[in-house]
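A.B. asks: Mind looking over this structure? Questions follow.
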Number of protein chains: 2
Amino acid sequence: MNQLTKEAEEFRGKHVADIVQKLNELSSEAAAFIVARLPIDVAAEVFDHSSLDEPQDILASLDASRAAAILDAMAADRLAYLFRDMEEPPREQLLALLTSEARSVVDSLLTHPEGSAGSLMTTEFVSVPSNWTIGETLKHVREVEGARETIYAIYVIDPTTRRLEKSVSLRRLISGDLHAPVGSVARYDAPITVLPQADREEVAHLISEYDLLAIPVVDEKRHVLGIVTVDDVIDAMIEASTEDAQKFGGMEALDEPYPDIGFLTMLKKRAGWLAVLFLSEMLTASAMQHFEDELERAVVLTLFIPLIMSSGGNSGSQATSLIIRALALGELRLKDWWRVALREAPTGAALGSFLGVIGMARIAIWQEAGIFDYGPHWFLIALTVGLALVAIVTFGSLAGSMLPFALKRLGFDPASASAPFVATLVDVSGLVIYFSVALLVLQGTLL
Amino acid sequence: MNQLTKEAEEFRGKHVADIVQKLNELSSEAAAFIVARLPIDVAAEVFDHSSLDEPQDILASLDASRAAAILDAMAADRLAYLFRDMEEPPREQLLALLTSEARSVVDSLLTHPEGSAGSLMTTEFVSVPSNWTIGETLKHVREVEGARETIYAIYVIDPTTRRLEKSVSLRRLISGDLHAPVGSVARYDAPITVLPQADREEVAHLISEYDLLAIPVVDEKRHVLGIVTVDDVIDAMIEASTEDAQKFGGMEALDEPYPDIGFLTMLKKRAGWLAVLFLSEMLTASAMQHFEDELERAVVLTLFIPLIMSSGGNSGSQATSLIIRALALGELRLKDWWRVALREAPTGAALGSFLGVIGMARIAIWQEAGIFDYGPHWFLIALTVGLALVAIVTFGSLAGSMLPFALKRLGFDPASASAPFVATLVDVSGLVIYFSVALLVLQGTLL
């Protein structure tokens, strides 16, 4: 352990994030050895950091008094986050180490559902009664600085009703008149707030839109329950965009980083959607069975099935990813669906015509150059492929753009409209479109 | 314009974000009418807000002295952002309104490529020489508060070399001893910095990892060029995840919100990738031409082509979205590729076996229930489908997970590995795998 003692020495004065990165490379016993040698406030910051892997294992490896001291110095929101997903053991054993005050704060934070504003908030904020002066407020801020997550936003409370009146920034306080009432430097009449049940996307949207460093979480009576700070929102945003990316890839969102997921959990997260998509895609086999006679007579038609179906899926995937993001960013609302439809139809038709021309040219060139013989009716086959591409790419763009709207309308997350989901939807209809076009064009010749 | 005058009145005391939202609903002339009636500092904040649509059109509709006053009061980073993409006119005309000082700041900010730390930074930060006391620093901070983007991070500079020595937070300053040297309350020996050429993902990563409110941008000699604040990073993160989502959907990233994109620009952004994918997917037609004899003899095989191909594409899309995110978040590095391969191969095999069993059951049930007659060799066909699914889903998971690594190794953005890209890759190989399995299983019976 000599090496580790030396490392613990070297950690003094290092950034917390760097300490965390180093601890993540060690076993939980070795990490606990180092944590035991850090000053308590630094150790608490290490556990407050969102990047620390397996904090409960490290805590469980520490002796009880050390673990209790660290838990006591941790931020309330991180403490709640830590206990939210903790397994048994060491959950009960560590909970017992909390002071009764901390225990009741954690218990109340844990009542909020995961991902809500209430679950992200910390109770360690600065609030002062509205009858205080700026001077009194600054004195208070200096005293409590060490025990608050942020002091840059100060919440001014009605001394009788305890309702939130104003939000004041430290930058305006320190340049204000010390004898003026604290509320006099408030920038706005009504501070921006969220309810505890708001989801983290909404919190992130408000923080980014109003350029806030923290947002107060209030109940219906405007009592401040806690605050969500900008650094927690950034963590939540990163998590949310990871989940959206995984959903769009066609699977359930993972709760943990890729390398930390167990084999069986990974299978479970992926198999569900794969099976649903597989069962839906079976409809393509049924559709093709329906056209079996045509297939027997014109096997040449099958050559282009993958090409045509994938073009529909690709254009659908483009449209879906566009609309999911535009909905998430608030650029589009539910009521805009027909505007989008009116836009995607001509876009799809233009893109389909473009691909259709390439497809027809391909068949003509292969035929004329003698690379492959599509038979005497090659031109009609090319025409079938070209027209089918126009129809299917138009349909793909329309279906892909409407799917997120439909999901949102039905109360689902629009981000569940994954690329594979759209592709499957378009594949089945695409086959029917292709064979219908073929019947129209080739009736009397090949079919 | 009476209605508008009334609205301008009502905007007093409103949040800037709310004013911006309202202005975005108006024509640029009507918006200019309102902006002309706002106090200069509020008007400047409106133009500093990243959500304002078409700021250059509103500025061009204002009279020159008003526009000049607003430009003068705007933050340097927003000013540079505004001029970066501005069209001619009104670019020259508005540039002429800048003070020569502002003009030279904007010119120097514009030398940094878009999306780099240098292009995101503002030059309006607080720096003090290291021989100042905390008292002197606080006095200075109070004086310059109105003209700085943030005063919560203060940069301590060597008075001779002008190099960055420390970074001090306002919260530690206000609770410090007024006669102590300013650097004495610095938390860490060396502040976290970025070079101007760092990209915005790296800036976002550092800000989120080290829980910073601002990060200084320094040159090689550690002279501070500017700072990037957390609100700009949030905007940049939202933009980056939108671009990644659009790329993963299989198109070029848009520079503007979906409703603001012109029809032709939209076509251009989507047609490129669609055409590339279409041309690659043509290989499926070539592959199938190669197996034309087999197709003629066993048309029944074609029934399962879409089903089998899409399963490969879906599993590939899952794996790709997982690996792109894990790479973006730094959970995986380039050197981890073989670890991922060793993981995805058994995962793919397990998922493929799962789908294979469902597929074989489907054929057996349809055959036994008399829904469809796959002929006397139906069991061998089912076996072909099952084995092909195992092979193709394994291949899809492997190819999908390796593609982002390969792109990154070649210097491309791993996020270019879109779901359609993977599907196309897997489609062509999937067909070859399917027919190869069929030849093996059905040789001597159907083939």
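A.B. asks: Which of the residues that make up segment A:310-364 are over 31 Å from the mean Cα position of the chain (by Cα) and not hydrophobic (A, V, I, L, M, F, W, C)?
C.D. replies: So the first thing to find is which residues in segment A:310-364 are over 31 Å from the mean Cα position of the chain (by Cα), and the list is A:346, A:349-350, A:352-364.
Across segment A:310-364, the qualifying residues are A:Pro346, A:Gly352, A:Ser353, A:Gly356, A:Gly359, A:Arg362.
A.B. asks: Considering only residues that are within 23 Å of A:Val126 (Cα to Cα) and in contact (Cβ under 8 Å) with a residue 40 or more places away in the chain, look in segment B:150-165 and name the one that is surrounded by the most Cβ atoms within 10 Å (Cβ to Cβ).
C.D. replies: Our first condition is that a residue be within 23 Å of A:Val126 (Cα to Cα); within segment B:150-165, this holds for B:150-154.
Among the residues that remain, those that are also in contact (Cβ under 8 Å) with a residue 40 or more places away in the chain are: B:150, B:152-153.
Values: B:Thr150: 21, B:Tyr152: 24, B:Ala153: 20.
The residue in question is B:Tyr152.
A.B. asks: A:Asn131 is checked against (1) at pLDDT 90 or above; (2) touching a Lys or Arg at 6+ places or on another chain (Cβ under 6 Å) and fails just one. What number does that condition carry?
C.D. replies: All conditions are met except number (2).
A.B. asks: Give me the residue from segment A:202-221 that is facing chain B (nearest Cβ under 8 Å) and hydrophobic (A, V, I, L, M, F, W, C) and, out of that set, nearest to the chain's Cα centre (by Cα). Reasoning before the result, please.
C.D. replies: So in segment A:202-221, the residues facing chain B (nearest Cβ under 8 Å) come out as A:204, A:207-211, A:213.
Next, only the ones that are hydrophobic (A, V, I, L, M, F, W, C) stay: A:204, A:207, A:213.
Values: A:Ala204: 11, A:Ile207: 16, A:Leu213: 21 Å.
Looking at residues that are facing chain B (nearest Cβ under 8 Å) and hydrophobic (A, V, I, L, M, F, W, C), I get A:Ala204.
A.B. asks: Examine segment A:332-345 for a residue that is crowded, with 18+ Cβ neighbours inside 10 Å, among the acidic types (Asp, Glu) and facing another protein chain (nearest Cβ under 7 Å), and state whether such a residue exists. Talk me through it step by step, then tell me what you get.
C.D. replies: In the first step, residues of segment A:332-345 are kept if they are crowded, with 18+ Cβ neighbours inside 10 Å; the result is A:332, A:337, A:340, A:343-344.
Now restrict to residues that are among the acidic types (Asp, Glu): A:344.
Remaining after also requiring facing another protein chain (nearest Cβ under 7 Å): none.
Taking every residue of segment A:332-345 in turn, none turns out to be crowded, with 18+ Cβ neighbours inside 10 Å, among the acidic types (Asp, Glu) and facing another protein chain (nearest Cβ under 7 Å).
Every residue, every condition in (1) more than 24 Å from B:Arg339 (Cα to Cα); (2) crowded, with 24+ Cβ neighbours inside 10 Å, yes or no:
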site: B:Leu389; (1), (2): no, yes
site: B:Ser429; (1), (2): no, no
site: B:Val437; (1), (2): yes, no
site: B:Val441; (1), (2): yes, no
site: B:Thr445; (1), (2): yes, no
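A.B. asks: OK, next. Is it the case that some residue within segment A:70-80 is farther than 28 Å from B:Ser175 by Cα and modelled with pLDDT under 85? Outline the logic, then answer.
C.D. replies: Our first condition is that a residue be farther than 28 Å from B:Ser175 by Cα; within segment A:70-80, this holds for A:80.
Among the residues that remain, those that are also modelled with pLDDT under 85 are: none.
No, because not a single residue in segment A:70-80 is farther than 28 Å from B:Ser175 by Cα and modelled with pLDDT under 85.
A.B. asks: For residues that are free of Cβ contacts under 8 Å to residues at least 60 places away in the same chain and over 25 Å from B:Ala298 (Cβ atoms), scanning just segment B:406-447, find the one that is nearest to the other protein chains (Cβ to nearest Cβ).
C.D. replies: Only one residue tops the list, namely B:Leu407.
Residue-by-condition table, conditions (1) of a type outside the set (A, V, I, L, M, F, W, C); (2) within 22 Å of the chain's Cα centre (by Cα):
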| residue | (1), (2) |
| --- | --- |
| B:Glu87 | yes, no |
| B:Leu94 | no, no |
| B:Leu98 | no, no |
| B:Arg103 | yes, no |
| B:Asp107 | yes, no |
| B:Thr122 | yes, yes |
| B:Ser127 | yes, no |
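A.B. asks: Scan segment B:176-192 and tell me whether some residue there is facing chain A (nearest Cβ under 8 Å), assigned to a helix (DSSP H, G or I) and either more than 18 Å from the chain's Cα centre (by Cα) or at pLDDT 90 or above (or both). Spell out how you get there, then give the answer.
C.D. replies: Going through segment B:176-192, the residues facing chain A (nearest Cβ under 8 Å) turn out to be B:188-189, B:192.
Restricting the remaining residues to those that are assigned to a helix (DSSP H, G or I) gives none.
Scanning segment B:176-192 turns up no residue that is facing chain A (nearest Cβ under 8 Å), assigned to a helix (DSSP H, G or I) and either more than 18 Å from the chain's Cα centre (by Cα) or at pLDDT 90 or above (or both).
A.B. asks: Follow-up question, since we're still on this one. For segment B:280-309, which positions are in contact (Cβ under 8 Å) with a residue 40 or more places away in the chain and facing chain A (nearest Cβ under 7 Å)?
C.D. replies: B:Glu281, B:Thr284, B:Met288, B:Phe304, B:Ile305, B:Leu307, B:Met309
A.B. asks: Restricting to segment A:88-126, name every residue that is in contact (Cβ under 8 Å) with a residue 60 or more places away in the chain and more than 15 Å from A:Ala76 (Cβ to Cβ).
C.D. replies: A:Pro113, A:Gly115, A:Ser116
A.B. asks: Identify the single condition in (1) surrounded by fewer than 24 Cβ atoms within 10 Å (Cβ to Cβ); (2) under 17 Å from B:Ala419 (Cβ atoms); (3) facing chain B (nearest Cβ under 7 Å) that A:Asp235 does not satisfy, given that it satisfies every other one.
C.D. replies: Single failed check for A:Asp235: (2).
A.B. asks: Return the total of residues in segment B:239-268 being more than 14 Å from B:Ala328 (Cβ to Cβ) and of a type in the set (Gly, Ala, Ser).
C.D. replies: Total meeting the criteria: 4.
A.B. asks: A follow-up question, please. Of all residues in segment B:216-236, which are closer than 23 Å to A:Ser50 by Cα, modelled with pLDDT under 95 and outside any helix (DSSP H, G or I)?
C.D. replies: B:Val228, B:Thr229
A.B. asks: So which helices (runs of 4 or more DSSP H) stay within segment B:99-175 end to end and still have 1 or more residues that are within 11 Å of chain A (Cβ to nearest Cβ) and β-branched (Val, Ile, Thr)? Steps first, please.
C.D. replies: On the way: elements: B:100-110, B:117-120, B:134-144, B:170-174.
Because the criterion is at least 1 residues that are within 11 Å of chain A (Cβ to nearest Cβ) and β-branched (Val, Ile, Thr), the helices (runs of 4 or more DSSP H) in segment B:99-175 that meet it are B:134-144, B:170-174.
A.B. asks: Another question about this same structure. What residue, of A:Val185, A:Val141, A:Val168, is assigned by TED's automatic domain parsing to the domain that holds A:Arg222, closer than 24 Å to B:Ala17 by Cβ and free of Cβ contacts under 8 Å to residues at least 40 places away in the same chain?
C.D. replies: Values: A:Val185 fails: free of Cβ contacts under 8 Å to residues at least 40 places away in the same chain; A:Val141 fails: closer than 24 Å to B:Ala17 by Cβ.
Exactly one of A:Val185, A:Val141, A:Val168 is assigned by TED's automatic domain parsing to the domain that holds A:Arg222, closer than 24 Å to B:Ala17 by Cβ and free of Cβ contacts under 8 Å to residues at least 40 places away in the same chain, namely A:Val168.
A.B. asks: Just for segment A:346-378: of the residues that are more than 9 Å from chain B (Cβ to nearest Cβ) and among the polar types (S, T, N, Q), which one is nearest to A:Arg297 (Cα to Cα)?
C.D. replies: Ranking the candidates gives A:Gln367 first.
A.B. asks: Can you find a residue that is more than 16 Å from A:Lys221 (Cβ to Cβ) and over 35 Å from the mean Cα position of the chain (by Cα) anywhere in segment A:147-159?
C.D. replies: no
A.B. asks: Could you please find all residues in segment B:369-393 being free of Cβ contacts under 8 Å to residues at least 60 places away in the same chain and touching a helix residue (DSSP H, G or I) at 6+ places or on another chain (Cβ under 9 Å)?
C.D. replies: Filtering segment B:369-393 down to residues free of Cβ contacts under 8 Å to residues at least 60 places away in the same chain leaves B:369-373, B:376, B:378-379, B:382-383, B:386-387, B:390-391.
Selection gives B:Ile371, B:Phe372, B:Asp373, B:Trp378, B:Phe379, B:Ala382, B:Leu383, B:Gly386, B:Leu387, B:Val390, B:Ala391.
A.B. asks: Pick out the one residue from A:Val441, A:Val422 that is closer than 25 Å to B:Gly313 by Cβ, among the β-branched types (Val, Ile, Thr) and in contact with a helix residue (DSSP H, G or I) (Cβ under 6 Å, 6 or more places away or on another chain). If you could, list the steps in order and put the result at the bottom.
C.D. replies: Values: A:Val441 fails: closer than 25 Å to B:Gly313 by Cβ.
The conditions single out A:Val422.
A.B. asks: Here is a follow-up. Please go through segment B:396-435 and give me each residue that is of a type in the set (Phe, Trp, Tyr) and either closer than 21 Å to B:Met282 by Cα or assigned to a helix (DSSP H, G or I) (or both), ordered by number. Give the derivation first.
C.D. replies: Filtering segment B:396-435 down to residues of a type in the set (Phe, Trp, Tyr) leaves B:405, B:412, B:421, B:434-435.
Those that are of a type in the set (Phe, Trp, Tyr) and either closer than 21 Å to B:Met282 by Cα or assigned to a helix (DSSP H, G or I) (or both): B:Phe405, B:Phe421, B:Tyr434, B:Phe435.
A.B. asks: Hey, does segment A:364-374 have a residue that's surrounded by fewer than 16 Cβ atoms within 10 Å (Cβ to Cβ) and of a type in the set (Val, Ile, Thr)?
C.D. replies: So far as segment A:364-374 goes, yes, one or more of its residues are surrounded by fewer than 16 Cβ atoms within 10 Å (Cβ to Cβ) and of a type in the set (Val, Ile, Thr).
A.B. asks: What tally of residues in segment A:250-279 results from selecting those that are hydrophobic (A, V, I, L, M, F, W, C), under 24 Å from A:Pro414 (Cβ atoms), part of a helix (DSSP H, G or I) and facing chain B (nearest Cβ under 9 Å)? First the steps, then the outcome.
C.D. replies: Within segment A:250-279, the first condition is being hydrophobic (A, V, I, L, M, F, W, C), and the residues that meet it are A:251, A:253-254, A:261, A:263-264, A:266-267, A:271, A:273-279.
Still in the list and also under 24 Å from A:Pro414 (Cβ atoms): A:251, A:253-254, A:271, A:273-279.
Still in the running and part of a helix (DSSP H, G or I): A:271, A:273-279.
With facing chain B (nearest Cβ under 9 Å) added as a condition, the list becomes A:271, A:273-275, A:277-279.
Qualifying residue count for the region: 7.
A.B. asks: Looking at B:Pro129, is it over 26 Å from A:Val230 (Cβ atoms) and touching a Pro at 6+ places or on another chain (Cβ under 6 Å)?
C.D. replies: Details: over 26 Å from A:Val230 (Cβ atoms): yes; touching a Pro at 6+ places or on another chain (Cβ under 6 Å): yes.
Taking the combined requirement at face value, the residue satisfies it.
A.B. asks: Might you let me know whether segment A:378-392 holds any residue that is within 30 Å of the chain's Cα centre (by Cα) and part of a helix (DSSP H, G or I)?
C.D. replies: Here is the first cut: in segment A:378-392, the ones within 30 Å of the chain's Cα centre (by Cα) are none.
Within segment A:378-392, none of the residues are within 30 Å of the chain's Cα centre (by Cα) and part of a helix (DSSP H, G or I).
The values are calculated or read from the model by the stated rules, or taken from the named source; none is laboratory data. Keep in mind that this is a model prediction, so the values were computed, not measured. Quick reminder, even Gly has a Cβ in these numbers, built from the backbone with ideal geometry, and neighbours come from all protein chains shown.
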